[in-house]
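A short write-up of the structure that comes next.
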Amino acid sequence: MKTEVIFSSRAARDLDAVVERCDRPFDKVFVLTDETTRRLCRPLLEDSAALRTAADITIGATDAHKTLQTLADVWKALGDGGASRRSLLVCLGGGMVTDLGGFAAATFKRGIAFINIPTTLLSMVDAAVGGKTGINFNGLKNEVGAFCDSRAVIVDTDFLRTLDAANLRSGYAEMLKHALLSDESMWAAHLRFDLSQPDYGCLRDMVAQSIAVKERIVAADPHEQGLRKALNLGHTAGHALESLALAEDRPVLHGYAVAWGLICELYLSAASLGFPEDRLRQTTAFIREHYGPFAFECRHYEQLYTYMLHDKKNAGGVINLTLLADIGEVRLDCHVKKELIFEAFDFLREG
């Protein structure tokens, strides 16, 4: 079932319309939020008729709660609330909420319907679209999960006004990745956008463009057997940096890790595929200006390399990288020497 993506200016109205279009009524409706979106975003849906008698499930905020225990808590809340296979879960939140909520829905009673209403830029352009669900496990990002499509994704950029600057930047890193996968014009426009004083009207159009890039890739390869691996650009190194930060109890926002991962993987692209050096340096300068440095040392290199080896898209002890020969010229399953990966870490640290 193809997910319907709705670009909305009134999320409550459009949620009701989606529910009314479903082939049969839902016996119960549940709304999953975290502590932050319960406070800031749940009131924006108070006019929804579909949620008038809905039961609320609230979990802890941040990726630190994207765990098996939180998943079990959601399963229990659904069970205690009388959820059946004819129930609906509305996931209202950022990527952690839509990832974990989608996985809970995919597995509770072997699958119940769910609708994603992303409230962060990151979840709008990445987590809420594409059918990937999951939790972190054993110290690794998204280690356990399932492919499962939501009934709909309702994208209302008015929610972005509730975001702080750091979370806006976090989502923008995924948009920059989509621009690098697309074309020079889109990439250049993203480097020109003023993140310090965002134009929300312009951002709304850019979000739609970014989602369209991901939708085209996902439609061609729903289960990541080929082209969808392009979306991993920046993520192999980025997830390693994110895992190191978690291991040292200094968690970073996912998009920041992706931004730093893009620096590493564009360096590898330049060194191994001839990605243009001027575009490497322009992109690196933008990321350094808006995301700052990631503090780590040479002694962390082996640990980071081990995290990269354990990335779920690898097999047989080989790191499969998505790299670029140029903007829009994607190369999948690239292999580079360990020494070159360590050079990329040097480049990230020292510029």
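For residue 312, which aspartates and glutamates qualify as cross-link partners when the Cα separation must be under 12 Å and same-chain residues fewer than eight apart are set aside?
Answer for residue 312, where 12 Å is the Cα cut-off: 143, 224, listed by chain and number.
What distance in nm separates the simple spin-label points at residue 288 and residue 75, each placed 7 Å from Cα in the Cβ direction?
4.8 nm
With a cut-off of 12 Å, note down the residues of segment 311-351 whose backbone N falls inside the zone around a label point 7 Å from the Cα of residue 273 toward its beta carbon.
Once the point is set 7 Å along Cα→Cβ of residue 273, 321-336 turn out to lie under 12 Å by backbone N, inside segment 311-351.
Along each of its three principal axes, how wide is the spread of alpha-carbon positions in segment 165-350, in whole angstrom units, largest first?
Projected onto its principal axes, the Cα set of segment 165-350 covers 44, 34, 30 Å.
Using only the Cα atoms of segment 267-351, each taken as one equal point scatterer with no solvent, compute I(q) by the Debye sum, divide by I(0), and report log10 of the ratio at q = 0.13, 0.24 Å⁻¹.
Taken in order of the listed q values, log10 I(q)/I(0) reads -0.46, -1.33.
Using a 7 Å offset from the Cα along the Cα-to-Cβ direction at both residue 68 and residue 110, what is the distance between the two label points in nm, to one decimal?
Simple spin-label model gives 2.4 nm for this pair.
Relative to the longest principal Cα axis of the chain, at what angle does helix 11-21 sit, 0 to 90 degrees, rounded to 10?
Taking Cα atoms only, the helix is inclined about 70 degrees.
Taking 51 Å as R0, compute the FRET efficiency from the Cβ-Cβ separation of residue 46 and residue 223 and round it to 0.05.
The calculated FRET efficiency here is 0.85.
Which of the pairs 28/214; 28/141; 214/313; 2/313; 109/313 have their Cα atoms more than 30 Å apart in this structure?
From 28/214; 28/141; 214/313; 2/313; 109/313, over 30 Å: 28/214; 28/141.
Quote the relative contact order of the chain in percent (integer), defining contacts as alpha-carbon pairs under 8 Å separated by 6+ residues.
Result for the chain is 14 percent.
Which angle from 0 to 90°, rounded to the nearest 10, does the C-alpha axis of helix 254-273 make with the longest principal axis of the chain?
40 degrees
Could you give the angle, 0 to 90 degrees to the nearest 10, between helix 200-220's Cα long axis and the longest principal axis of the Cα atoms of the chain?
It works out to around 80 degrees.
Modelled label-to-label distance, residue 248 and residue 183, 7 Å Cα→beta-carbon offset: nm?
4.1 nm
Pulled fully out, how much extra length does the chain show between residue 53 and residue 333, if you take 0.36 nm times their separation in residues and subtract their Cα-Cα distance?
95.9 nm
Would you list the P(r) distribution for the chain, with all Cα-Cα distances sorted into 10 Å bins from 0 and each bin expressed as a whole %?
5, 26, 34, 23, 9, 2
Through the Karplus equation 6.51 cos²θ - 1.76 cosθ + 1.60, θ set to phi - 60°, convert the phi angles of segment 223-240 into ³J(HN,Hα) values in whole Hz; use x for Gly and Pro.
Here the 3J(HN,Hα) series is 10, 6, 8, x, 4, 4, 4, 4, 5, 7, 3, x, 8, 5, 5, x, 5, 5 Hz.
Can you tell me the equivalent ellipsoid semi-axes for segment 1-125? Use √(5λ) from the Cα gyration tensor, largest first, whole Å.
Working from the Cα gyration tensor, I get semi-axes of 19, 18, 14 Å.
How big is the equivalent ellipsoid of segment 185-268 along its three axes, where each semi-axis is √(5λ) from the Cα gyration tensor, reported in whole Å from largest to smallest?
Values for segment 185-268, descending: 24, 20, 12 Å.
Relative to the present Cα-Cα distance, how much length would full extension add between residue 212 and residue 297 at 0.36 nm per residue of separation?
Details: separation 85, 0.36 × 85 = 30.60 nm, distance 3.81 nm.
Extra length from residue 212 to residue 297 when fully extended: 26.8 nm.
State the extension gain, in nm to one decimal, for the chain segment bounded by residue 137 and residue 35, taking 0.36 nm per residue of separation less the distance between their alpha-carbons. Show your work: numbers first, answer last.
Values: separation 102, 0.36 × 102 = 36.72 nm, distance 2.16 nm.
Taking 0.36 nm per residue and subtracting the Cα distance, the gain is 34.6 nm.
So what is the relative contact order for segment 165-350, in percent, with contacts set as C-alpha pairs under 8 Å and at least six apart? Walk me through the numbers before you get to the answer.
Numbers: 230 pairs, mean separation 49.3, N = 186.
After rounding, I find 27 percent.
Work out from phi, with θ = phi - 60° and the Karplus expression 6.51 cos²θ - 1.76 cosθ + 1.60, the ³J(HN,Hα) of each residue of segment 47-57, listed in order in whole Hz, and give x for Gly and Pro.
Per residue, the Karplus-derived 3J(HN,Hα) values read 8, 6, 5, 5, 9, 4, 10, 5, 9, 9, 10 Hz.
Every number here is computed from the coordinates shown, using simple stated rules; none is lab data. Nothing here was measured: the structure is a model prediction, and the numbers come from that model. When we count neighbours, we look across all protein chains shown, and the Cβ atoms used for this are built from the backbone with ideal geometry, even at glycine.
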